[in-house]
């Protein structure tokens, strides 16, 4: 495969820079959306429902997006998604500037923006994740994943930290506009990326039919179900996501009603979590662990993060909350990069997009339901968020204990992916710079 020998080669650096800019704007949009809806409605149920709607398209469409990433230009998919989101966000910002009194229309626009972003990410994320092993040296895939996630979390640290302040001072419209501009700039940068493309020989000279496309999407799901390690990973991460997701609904109420802080502190807490994640990513990039050592380190991180999550139910001091979220971030970053790299390197390039797309759907499919239910439950509990943290924390601790006895999951964490063999039925095609 025609990869360059350096980690930060031209293609990876362009992708890295583009993602930094778009992620920076995206984090500002997320804060503006959450607090604008909260201040408009003062309802956890509505906040949870909107968050559910903002994830549902991505979850439902990820298998299709993964198949697209296997059979079409990954570079073109990435560019088109960024430009589409950027254009819509600029239009939405203009609506806020020129029609500030049309609250119902603006509310609808925010919901549509959330759904649109979610739908495009279903195609965008599998394309990015599937492309990374094809544009960096094999031995540096873990470092590439680490550096990409460092970028995401640094942008989260900056975007969320500044976003909370900007929302209080300037309001939602400016943040929406900045988000749109950042996506457009990112899309322009990504036009100059070359991503080697591996396709099956039969696809090189023939147009894929709808039936074949559907079969390839289903084949990704079958590959997961037939692999005991991937199947176990799906089950455990689906459960984790279900009981961690409520924090997205809880946190705005936790900041203002429990910590008695301004919206600025939502950004600070999210930023500290991001900074902790950066530390976790850097640990993976610097300290390489394999086999049983990797398995033990991941399990230990799961247990510690679950205990810290439970401890949040009794914390009311700002500095203690900041430290707790920072430590959870470190552990989360360490787990995320190790597991992602293990999955990536266990899948051949020509299958990577569809399998990763299916995994994204399977592990995240429970999140919309969790968000909607958590919003309803918080309102039914008179917004007693401490009780929600305690309940979710206890379940996560029990789930961590369950991992210790799940043989297939433990074997997968300790496994060493085999080198990908050359396949005479594959052909290599490099994308042109022009769209």
(request) Output the qualifying pairs, or none if there are none: Cβ atoms under 7 angstrom, residues six or more apart or on different chains, first residue in the range 138-156 and over 14 Å from residue 27 (Cβ atoms), second residue modelled with pLDDT of 75 or more and outside any helix (DSSP H, G or I). (result) 144/136
(message) Name the single residue that is nearest to residue 269 (Cα to Cα) among those in the range 310-320 being at pLDDT below 85 and surrounded by 15 or more Cβ atoms within 10 Å (Cβ to Cβ).
(response) 318
(message) Can you report the number of residues in the range 81-99 which are without any contact (Cβ under 8 Å) to a residue 40 or more places away in the chain and either within 16 Å of residue 22 (Cβ to Cβ) or not in a helix (DSSP H, G or I) (or both)?
(response) 2
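Step by step: first the residues of the range 76-102, then only those that are more than 14 Å from residue 183 (Cβ to Cβ) and out of contact with any helix residue (DSSP H, G or I) (no Cβ under 7 Å at 6 or more places or on another chain), then the one that is surrounded by the most Cβ atoms within 10 Å (Cβ to Cβ). Which residue is that?
Here is the first cut: in the range 76-102, the residues more than 14 Å from residue 183 (Cβ to Cβ) are 76-77, 94-102.
So of that shortlist, the ones also out of contact with any helix residue (DSSP H, G or I) (no Cβ under 7 Å at 6 or more places or on another chain) come out as 76, 94, 98, 100-102.
Working: 76: 18, 94: 14, 98: 9, 100: 11, 101: 6, 102: 13.
Among those residues, the one meeting the criterion is 76.
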(request) Residues being in contact with a helix residue (DSSP H, G or I) (Cβ under 8 Å, 6 or more places away or on another chain) and under 22 Å from residue 150 (Cα atoms): count how many of those fall in the range 248-287. (result) 22
(message) So residue 326 ticks every box in (1) surrounded by 22 or more Cβ atoms within 10 Å (Cβ to Cβ); (2) under 20 Å from residue 151 (Cβ atoms) but one. Which box is left unticked?
(response) (1)
(message) Among the listed residues 45, 41, identify the single one that is surrounded by fewer than 17 Cβ atoms within 10 Å (Cβ to Cβ) and in contact with a helix residue (DSSP H, G or I) (Cβ under 9 Å, 6 or more places away or on another chain).
(response) 41
(request) Give the residues of the range 128-137 that are more than 19 Å from residue 336 (Cβ to Cβ) and in contact with a helix residue (DSSP H, G or I) (Cβ under 8 Å, 6 or more places away or on another chain), sorted by residue number. (result) 134, 135
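Among helices (runs of 4 or more DSSP H) lying entirely in the range 191-291, which contain 2 or more residues that are modelled with pLDDT under 75? Please lay out each step first, then the result.
Numbers: elements: 201-204, 210-226, 228-244, 246-253, 264-286.
Correct list: 201-204, 210-226, 264-286.
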(request) Take the range 153-166 and flag every residue that is modelled with pLDDT of 70 or more and either buried (at least 20 other Cβ atoms within 10 Å of the Cβ) or over 19 Å from the mean Cα position of the chain (by Cα) (or both). (result) 155
(message) Condition first: exposed (fewer than 14 other Cβ atoms within 10 Å of the Cβ) and at pLDDT 85 or above. Now tell me which residues in the range 103-120 satisfy that.
(response) 105, 108, 112
(request) Within the range 359-373, identify whether any single residue is surrounded by fewer than 19 Cβ atoms within 10 Å (Cβ to Cβ) and under 21 Å from residue 252 (Cα atoms), and answer yes or no. (result) yes
(request) Out of 22, 54, 62, report the one residue that is modelled with pLDDT under 80, farther than 20 Å from residue 367 by Cβ and within 16 Å of the chain's Cα centre (by Cα). (result) 22
(message) Condition first: out of contact with any strand residue (DSSP E or B) (no Cβ under 8 Å at 6 or more places or on another chain) and modelled with pLDDT under 80. Can you find one or more residues in the range 77-100 that meet it?
(response) yes
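The values are calculated or read from the model by the stated rules, or taken from the named source; none is laboratory data. Source: prediction; values computed, not measured. When we count neighbours, we look across all protein chains shown, and the Cβ atoms used for this are built from the backbone with ideal geometry, even at glycine.
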